[in-house]
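A.B. asks: Just passing along the structure, written as structure tokens.
The values are calculated or read from the model by the stated rules, or taken from the named source; none is laboratory data. Since we're looking at a predicted model, the values are computed, not measured. With ideal geometry, Cβ positions are generated from the backbone for all residues, glycine too; neighbour counts draw on all protein chains shown.
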Amino acid sequence: MSRRIAVLAFPGTNSEDETVRILRDCGGDAELVWWSQAEQLAQYDAYVLSGGFAHEDRVRAGAIAALDPMMDAVIDGACAGKLVLGICNGAQILLEAGLVPGTGAVRQPTAAFTKNLPAPHFVCRHVRMRLAIDPARCVITAGLEPGALIPAWAAHTEGRLAAPREHLDEIVAGGHVAFVYAHPDGRVDDGAVPNGSALGCAGLVNRAGNVLAIMPHPERDAWNFNHLARSEGDDVLAPSGGALLFRSFVDAVNV
Amino acid sequence: MKQVGLREDELERIAEGLGRRPSPVELYAFDAQWSEHCSYKSSRRHLRRLPSAGARVVLGPGEDAGIVHLGTHAGERYGIVVAHESHNHPSQVVPFEGAATGVGGVVRDVLCMGAEVVGLADPLRFGLTDDVRGHQAYVARSAVDGIGAYGNAIGVPNVAGDVYFERGFNDNCLVNVIALGIVKEDEVVRSYVPKEADGWDLVLVGKATDPSGFGGASFSSLTLDARDAQLNKSAVQVPDPFLENVLMRATYRVFALLRGLKIAAAFKDLGAGGIMGCSAEITGQGGCGADIDLDCVNVALPAMAPEVIAVGETQERLLWAVPPEISPELLRIYNEVFTLPEIACNARATVIGRVTSSERYILRHRGEVVMDVPSLLLTAHIDDELPYTEVIYHGGTTDELPAVDVESIFPKVLAHRDVCSREPLYRRYDSVVRGSTVLPRGSGDAGVLAPVTGSRLGVALAVAGNPRYGRLDPKYAAQHAVLEAMRRVVAVGAVPIGLTDCLNFGNPRKPEQYGAFIAAVDGLAHAATELDLPFVSGNVSFYNEGPDGAPIPASAIVACVGALDDVAAVVTPGLKGAGSSLLWVGSRELVVGGSVLADVLGIEGQLPALSMSAERAAVAIVHDAVTRGVLRACRAVADGGMLTALARLAFDAMLAGRSIGAEIDFGNPLCEAGGFLCEVSDDSEIDVTGVLRVGQTIDEPQLIVNGVRFDVARLYEIWSRPLAELYP
């Protein structure tokens, strides 16, 4: 059964079009919802928060957006078990909203994606995200192979996972680190991490496994023409590479 | 009272045209509109010599951006909109803001043609940054951060660009920016109203007008000393990429509205001359007049003087001219759906006046008419005939080339500031937002995008303009810029279809500097005519000189747009396999004038001859290899010569995990005469006329050059490091 996916656009979001496009190309019934239409959000079955600089990333990336009325619907939905995927700025917003890792209360974040290290600059770099949990631990990744490698682009200034020691321990113990940065051959080490992220973390999942926050952008490496050197099949317009994750998400939404 | 840049004879001409002395508002209006920046008064007569026609030209120079035909998809013709701007003077003074507003402006130039903005490029010229804590380094870092901050936030990928560090730019950097857009050719929005527009609404959209940027147009037309004096007078503009992001998305919705209703409209960016300049041109060029009430303008401060509201250059503003029946819906989209007033303080869309058939340009303020002039006088083409000294290049020295010890020299060439990896710089730019990037920054000689959703059409973009040549011979440098930009587009497998330029020169009132400009136009015109490539847009930036009056190196910077019918044909990065032939296609003259090698050796030498017929033949050979699918890898030969091109092909192979090197044998592989270095399979049946086989690929990551062995990984270390300190 095809269920409806809302792709949220806050003021300052900049990746909404390609996010809608890849969800549709993977069989999802996705629509864009602008910030002035927040009241429509409740009727959707799943939410995707795409990349950008929502509310200009004032204070801290995602901090203001987490208070946006649009997030009321997302928080309600997440608590009711709807699937939520946040990408880059969307991931930052989910952390600021306290939905991920979800070890504290709503809108009381216990961890943040914050300024890159060693240099606090924007970094645009191709990466691989390696699935670091049992695929079934998170509904959204259930369609992936164990240890799946997803190609994506890191493109952010604030992508380093940071949290007080006790919260980091909780993140590890609760199996919240869904993705880590990896080399193309799957190896994991500091050289693969573009931003100094704690635990090499590229993505976090909540306790219930229905909310996933990832920093890199798989939707920017999601069609054969984005990666001609490693195309799968002859059709340059066909989804591949980063599309794997969106297919798994759409399949989970449509169950 | 603020200083105006008008000359005595210009003031007389204004008084004569009006039959009276101009009012204060009128004086500032003419000051802006007749400035070099707006009027191209010293350049227009020469720019006419650039070829601008051709079968693919949809819209040539004259509006906010030019348009060239890309291809057809699903029965629709698509055009690439391209604009080229400079923000040199603001970037030297406040580099972050100056460079950022440069991006914002060129993006609006493309947007207002009815296009979706799909790509950016940024040719940069900075002073020597050896002291990474010094002022030149500050300018070089802040300008890059400004470009990144703006482009990243609005979500337009930066896919091409270059950077040179040169003593000649120590006191006057160059920040050029190019934007690309995609538009269906029958949905282009024009920059001026049609004749029957009498009674249309003029709708101002965007940021609240403030005193920032007041006097910006004449600011750009002053030399550095005079600019310093203007600094405390707010001539520099303030960027708000957050607002521009929302403006772009709201505007896309308005385009859809107009398409649905099949309503014609005019749309234009507010640049130099502010509300006055934009409204005078959008109406005047259509043969109409305007009647505007400055009290209707949304302003940031109370009690702003009418001349500041009228000609201030506040950023992030656009002007629509639309039939009044659609104004309510247009206002609703901007103000309610996209909530402009909540995005930035007092930002909004608002009706400020109307188009008239009277051919008078009228501004009102507090119930008084503060400006009432003939539109034609205001937008008249001012043409200054200035004296110039002809620039003749004397040919350089003909010293015999010293024997080059490749083993010791090649690492120095790779680490040279004009050759080493640009990655530390462009890593700060989002090169992949929009999800349509085929080749991002750094993965080829040109960036490539798939700009039409669901289509295989591709567009390539590359820039060139070598200041080492500019220093020696402005005409040669200009020709070379056309050739190099074109080669870069060809090297990724695209067909070059159009050019855009920015002519960055010194003071046109100094005959030798004006002469350099004229020589550069000659060079551009010659090369573009010979290669049958039109210039569809362009820009001129004069008064680029230091406090001592020394001009920058002549800098005709060229961008080339290329088309791909199918992005699958893109030549992907890096050597592909062992046992293929390495061919040097194109000119291979063994002289070193203007090369990195000459700089490293401290010699002058002669400039390599440019042959347009050899160039056409080389391009045909590369195209043929692309079409037949036998071109496995390719790089244009440029800074650092053929050996550098080869090294970069080897680096890209290494980064992709392929263990491949090459063995070549060639007299002086560091000459920069041009052409292409190509990897082709051995059975490629390439027509070998004009082609030299210089060696072959091997299955170990080594470059063996005339018997000297280099480790590819070691060379990569040398090449990739130098800029990391400047851009950590």
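Yes/no matrix, rows are residues, columns are (1) under 13 Å from A:G209 (Cα atoms); (2) touching a residue at least 40 places away in the same chain (Cβ under 8 Å); (3) among the aromatic types (F, W, Y):
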residue: A:A73; (1), (2), (3): no, no, no
residue: A:D76; (1), (2), (3): no, no, no
residue: A:G81; (1), (2), (3): yes, yes, no
residue: A:I87; (1), (2), (3): no, yes, no
residue: A:L95; (1), (2), (3): no, yes, no
residue: A:Q108; (1), (2), (3): no, no, no
residue: A:N116; (1), (2), (3): no, yes, no
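A.B. asks: Of a type in the set (K, R), within 26 Å of B:I552 (Cα to Cα) and either touching a Cys at 6+ places or on another chain (Cβ under 8 Å) or surrounded by fewer than 23 Cβ atoms within 10 Å (Cβ to Cβ) (or both): which single residue out of B:R48, B:R77 fits that description?
C.D. replies: Values: B:R77 fails: within 26 Å of B:I552 (Cα to Cα).
Going through B:R48, B:R77 in turn, just one is of a type in the set (K, R), within 26 Å of B:I552 (Cα to Cα) and either touching a Cys at 6+ places or on another chain (Cβ under 8 Å) or surrounded by fewer than 23 Cβ atoms within 10 Å (Cβ to Cβ) (or both): B:R48.
A.B. asks: Now for a separate question. Condition first: touching a residue at least 12 places away in the same chain (Cβ under 8 Å) and assigned to a strand (DSSP E or B). Now tell me which residues in the range B:701-710 satisfy that.
C.D. replies: Passing the criteria: B:Q702, B:L703, B:I704, B:V705, B:V708, B:F710.
A.B. asks: Residue by residue through the range B:551-576, note down the ones that are out of contact with any helix residue (DSSP H, G or I) (no Cβ under 8 Å at 6 or more places or on another chain) and in a loop (DSSP other than H, G, I, E, B).
C.D. replies: From the range B:551-576, those out of contact with any helix residue (DSSP H, G or I) (no Cβ under 8 Å at 6 or more places or on another chain) are B:563-566; that's our starting set.
Hits for the range B:551-576 are B:D565, B:D566.
A.B. asks: While we're looking at this one, here's another question. Among the helices (runs of 4 or more DSSP H) contained in the range B:213-266, which hold 2 or more residues that are of a type outside the set (A, V, I, L, M) and at pLDDT 95 or above? Walk me through how you get there before you give the answer.
C.D. replies: Values: elements: B:216-220, B:224-230, B:241-261.
Correct list: B:241-261.
A.B. asks: What tally of residues in the range B:648-679 results from selecting those that are β-branched (V, I, T) and touching a helix residue (DSSP H, G or I) at 6+ places or on another chain (Cβ under 6 Å)?
C.D. replies: Counting residues in the range B:648-679 that are β-branched (V, I, T) and touching a helix residue (DSSP H, G or I) at 6+ places or on another chain (Cβ under 6 Å) gives 1.
A.B. asks: Let me ask something else about it. Determine whether B:A620 is away from chain A (no Cβ under 14 Å) and either without any contact (Cβ under 8 Å) to a residue 24 or more places away in the chain or part of a loop (DSSP other than H, G, I, E, B) (or both).
C.D. replies: On the way: away from chain A (no Cβ under 14 Å): yes; either without any contact (Cβ under 8 Å) to a residue 24 or more places away in the chain or part of a loop (DSSP other than H, G, I, E, B) (or both): yes.
Yes, satisfied.
A.B. asks: Another question, then. So for the range B:168-176 (the condition being within 14 Å of chain A (Cβ to nearest Cβ) and either modelled with pLDDT of 95 or more or over 20 Å from B:N544 (Cα atoms) (or both)), does at least one residue qualify? So that I can check it myself, show each step before the final result.
C.D. replies: So in the range B:168-176, the residues within 14 Å of chain A (Cβ to nearest Cβ) come out as none.
Taking every residue of the range B:168-176 in turn, none turns out to be within 14 Å of chain A (Cβ to nearest Cβ) and either modelled with pLDDT of 95 or more or over 20 Å from B:N544 (Cα atoms) (or both).
A.B. asks: Which members of the range B:564-591 meet the condition of being more than 14 Å from chain A (Cβ to nearest Cβ) and closer than 19 Å to B:I621 by Cβ?
C.D. replies: B:S580, B:S581, B:L582, B:L583, B:W584, B:V585, B:G586, B:S587, B:R588, B:E589
A.B. asks: Moving on to the next point. Within the range B:324-359, how many residues are in contact with an Asp or Glu (Cβ under 7 Å, 6 or more places away or on another chain), surrounded by 19 or more Cβ atoms within 10 Å (Cβ to Cβ) and not hydrophobic (A, V, I, L, M, F, W, C)?
C.D. replies: Residues meeting the conditions: 3.
A.B. asks: Looking at the range B:485-506 only, could you name the residues that are assigned to a strand (DSSP E or B) and either closer than 20 Å to B:S555 by Cβ or without any contact (Cβ under 8 Å) to a residue 24 or more places away in the chain (or both)?
C.D. replies: First pass over the range B:485-506, keeping only residues assigned to a strand (DSSP E or B): B:495-504.
Across the range B:485-506, the qualifying residues are B:L499, B:T500, B:D501, B:C502, B:L503, B:N504.
Rundown of residues vs (1) of a type outside the set (F, W, Y); (2) closer than 26 Å to A:T157 by Cβ, yes/no style:
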| position | (1), (2) |
| --- | --- |
| A:R24 | yes, no |
| A:V48 | yes, yes |
| A:F53 | no, yes |
| A:G81 | yes, no |
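A.B. asks: Here's another thing I want to ask about it. Of all residues in the range B:649-672, which are in contact (Cβ under 8 Å) with a residue 40 or more places away in the chain, within 14 Å of chain A (Cβ to nearest Cβ) and out of contact with any Cys (no Cβ under 9 Å at 6 or more places or on another chain)? Show your work before the answer.
C.D. replies: Taking the range B:649-672 as the starting set, the residues that turn out to be in contact (Cβ under 8 Å) with a residue 40 or more places away in the chain are B:649-656, B:658-672.
Those still in the list that are within 14 Å of chain A (Cβ to nearest Cβ) too: B:649, B:652-656, B:658-660.
The answer is B:D652, B:A653, B:M654, B:L655, B:A656, B:R658, B:S659, B:I660.
A.B. asks: Hey, B:V81 hits all of (1) under 24 Å from B:G5 (Cα atoms); (2) under 16 Å from the mean Cα position of the chain (by Cα) but one; which does it fall short on?
C.D. replies: (1)
A.B. asks: For the range B:401-411, does any single residue satisfy the condition of being free of Cβ contacts under 8 Å to residues at least 24 places away in the same chain, within 14 Å of another protein chain (Cβ to nearest Cβ) and of a type outside the set (G, A, S)? Spell out the reasoning first.
C.D. replies: Pass one, the range B:401-411, residues free of Cβ contacts under 8 Å to residues at least 24 places away in the same chain: B:403, B:405, B:408.
Filter again for within 14 Å of another protein chain (Cβ to nearest Cβ), leaving none.
No - not one qualifying residue is present in the range B:401-411.
A.B. asks: Same structure again: Please enumerate the residues belonging to the range A:94-146 that are more than 14 Å from chain B (Cβ to nearest Cβ) and aromatic (F, W, Y). Walk me through how you get there before you give the answer.
C.D. replies: Taking the range A:94-146 first, the residues more than 14 Å from chain B (Cβ to nearest Cβ) are A:94-114, A:129-146.
Selection gives A:F113 alone.
A.B. asks: Of the residues A:R230, A:R220, only one is of a type in the set (K, R) and modelled with pLDDT of 95 or more; which?
C.D. replies: Only one candidate qualifies: A:R220.
A.B. asks: I'd like the full set of residues that are in a helix (DSSP H, G or I), within 14 Å of chain B (Cβ to nearest Cβ) and either crowded, with 17+ Cβ neighbours inside 10 Å or of a type in the set (A, V, I, L, M, F, W, C) (or both), limited to the range A:38-66.
C.D. replies: A:A38, A:A54, A:H55, A:E56, A:D57, A:A65, listed by residue number.
A.B. asks: For the range B:413-435, state whether one or more residues are closer than 30 Å to A:H227 by Cα, free of Cβ contacts under 8 Å to residues at least 60 places away in the same chain and within 14 Å of chain A (Cβ to nearest Cβ).
C.D. replies: Yes.
A.B. asks: Given the condition within 30 Å of B:E423 (Cα to Cα), modelled with pLDDT of 95 or more and part of a loop (DSSP other than H, G, I, E, B), answer yes or no: does some residue in the range A:133-146 qualify? Step through it out loud before you land on a result.
C.D. replies: Start the filter on the range A:133-146 by keeping residues that are within 30 Å of B:E423 (Cα to Cα), which leaves none.
Looking for residues that are within 30 Å of B:E423 (Cα to Cα), modelled with pLDDT of 95 or more and part of a loop (DSSP other than H, G, I, E, B), one finds none in the range A:133-146, hence no.
A.B. asks: Picking from A:A119, A:A111, A:A136, which residue would you name as being of a type in the set (A, V, I, L, M) and closer than 30 Å to A:R230 by Cα?
C.D. replies: Numbers: A:A119 fails: closer than 30 Å to A:R230 by Cα; A:A111 fails: closer than 30 Å to A:R230 by Cα.
Of the residues listed, the single one that is of a type in the set (A, V, I, L, M) and closer than 30 Å to A:R230 by Cα is A:A136.
A.B. asks: Report the residue count in the range B:120-168 for those that are within 30 Å of B:I182 (Cα to Cα) and assigned to a strand (DSSP E or B).
C.D. replies: Looking only at that region, the number is 13.
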